Every structure is written in structure tokens, then in C-alpha cells.
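Everything below concerns the one structure shown next.
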Amino acid sequence: MKNFNPLTNLLYEEIDCRNAKVTDFEVRPTTIQQVRDFIERWHYSSNVNGLRISHVFGLFYNGDLIGAMIYGPLGMANTWKKYGDSENDVVELRRLCCIDNTPKCTESYFIGKTLRWLKKNSEYKVVVSYADAHYNHTGIIYKATNFEYHGLTSKGRVIDFEGKLYHDKCIRTYNVLKNESILSAKFENVVRKLKPFAQRVKDALEDGRAKYINTPGKHIYVFRLKKVKKTE
């Protein structure tokens, strides 16, 4: 099996595996560096900025990357409390995308393989994912992989900046700067400074180059990898 080479796999749309069987595909862990460009090309959000990442998977056909998936901590603070006894019990499926020319059930096959990997190789007990109604997604692939439907999130808003949509929390990400006296554990000396991208977006909102867009609630789906003691 050849290794994925992003330099020779740039024209993903030229890969056509519609006549293949999903069992011909290989699912394996990879890195964000290997799938970043792919996700920015094929995922509807077109970005991975601000994602906290715990696991990345690639879907390969004859050595070519045809799908990518990212798992990570939940994007909304304290949401894990609804599903587990600790934050480490719960992980979110943050990104999933494949090229267009794939056979039926490719995404559900991909998800199923990663769920089995997580069940065997991690301590996670619950996977949460969201289908974005703003893009008319209802979660068909999650239903096909036996996720439980848990209703809708509250309505939200995103930031439209340079042709891409970002969660509004992207303007609240900071670098923490500490002066030498922090060694004395006097945390009043901690200075927070916006990360460069957060500052760019904030400046764009102020001068009109970016804008807020109100969005409907997202469909919530939950998959139980292991039993949890918590009752909802």
C-alpha cells in the first residue's frame, strides 16, 4: 500500500471509485497535516480553524485519500455533562467528508470503522455529532450507523468572514502571556491576548468586512461506545 502524498493527490475530483466496493477502502489513523487541505476542499465548512483535535482518520482507496474524519472534545463547554460522568468520556465527531465519486454507504462505512477503532483503542464512552440544519443536513448517515437522535440544539450564530463561516467563539480564543512573577502563582499577572486569527475576525466585524448570521438549531446524534452510569 503506497503512502498518501498530498503533492500527487491534489486533484481529488479525478479519482472515481463509484464502481468499487466499500470493503475495498482502508480506514486508518492519520494526522491533521495530511488531511487539512482535503477537508478545506471537501467539507462544507471549508476550514478546521479552532478545532481541538484528538483523533484524525483517513479513508484510502489504492493509497489515495478519498475521505477524512476528525474527532475532538465537544465544541460547546459543559455539554459533556449531558452524556458522561467526565469530560474524558465524551468525544465529538467534528468533521467528516469524502470525495463525490464514491459508492453508496461510503460515509456510514467510514463512520462505522472509526467507531469500532475508538471502542477498541480509546476510553471514550459516548460519541456526539451534529447535523447542521443551516446546510439542510438532517443526519441521514448517523441514522444509518445507529446513532440515537436527541433533538435540536438552541439556535446560534456564525461569522461570515472572507467567504467562510466560523463559530462566533472564534473571536474569543486567546494566547496566555505570563510575566516572570507568575512563578509565584499570583494569577493576577496573567495577561490574555487574542490569537492573531481571532483579532483579524474581530477587526473585520468592527469595520464591516465580516458579519454575523443567525442559524437554526443543529440536530443532535449520540452513539454509545460503552455503558455509562450517568442517567440523563
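The values are calculated or read from the model by the stated rules, or taken from the named source; none is laboratory data. All of these numbers come straight from a predicted model, not from anything done at the bench. In this analysis, Cβ positions are derived from the backbone assuming ideal geometry, glycine residues included, and neighbour counts consider all displayed protein chains.
Taking the stretch 65-109 as the range and being under 10 Å from the mean Cα position of the chain (by Cα) and of a type in the set (Lys, Arg) as the test, the residues that pass are Arg94, Arg95.
Just one of (1) surrounded by fewer than 19 Cβ atoms within 10 Å (Cβ to Cβ); (2) assigned to a strand (DSSP E or B) fails for Asn146. It is (2).
When the residues of the stretch 119-144 are filtered to those that are out of contact with any strand residue (DSSP E or B) (no Cβ under 7 Å at 6 or more places or on another chain) and not charged (D, E, K, R), which remaining residue is modelled with the lowest pLDDT? That would be Tyr135. Step by step: first the residues of the stretch 118-165, then only those that are touching a Phe, Trp or Tyr at 6+ places or on another chain (Cβ under 6 Å) and among the small types (Gly, Ala, Ser), then the one that is nearest to Glu40 (Cα to Cα). Which residue is that? Result: Ser129. Checking each residue in the stretch 97-126 for being of a type outside the set (S, T, N, Q) and assigned to a loop (DSSP other than H, G, I, E, B) picks out Ile99, Asp100, Pro103, Lys104, Cys105, Glu123, Tyr124, Lys125. Listed by first and then second residue, the pairs with beta-carbon distance under 6 Å, at least 6 apart or on different chains, first residue in the stretch 32-47 and in contact (Cβ under 8 Å) with a residue 40 or more places away in the chain and assigned by TED's automatic domain parsing to the domain that holds Cys97, second among the aliphatic types (A, V, I, L, M) and crowded, with 16+ Cβ neighbours inside 10 Å, are Phe38/Leu65; Phe38/Ala68; Ile39/Val48; Ile39/Ala68. Select from the stretch 83-132 the residues that are of a type in the set (A, V, I, L, M, F, W, C) and either free of Cβ contacts under 8 Å to residues at least 60 places away in the same chain or outside the structural domain of Lys227 (by TED's automatic domain parsing) (or both) and list them in ascending order. Within the stretch 83-132, Val90, Val91, Leu93, Leu96, Cys97, Cys98, Ile111 meet the criteria.
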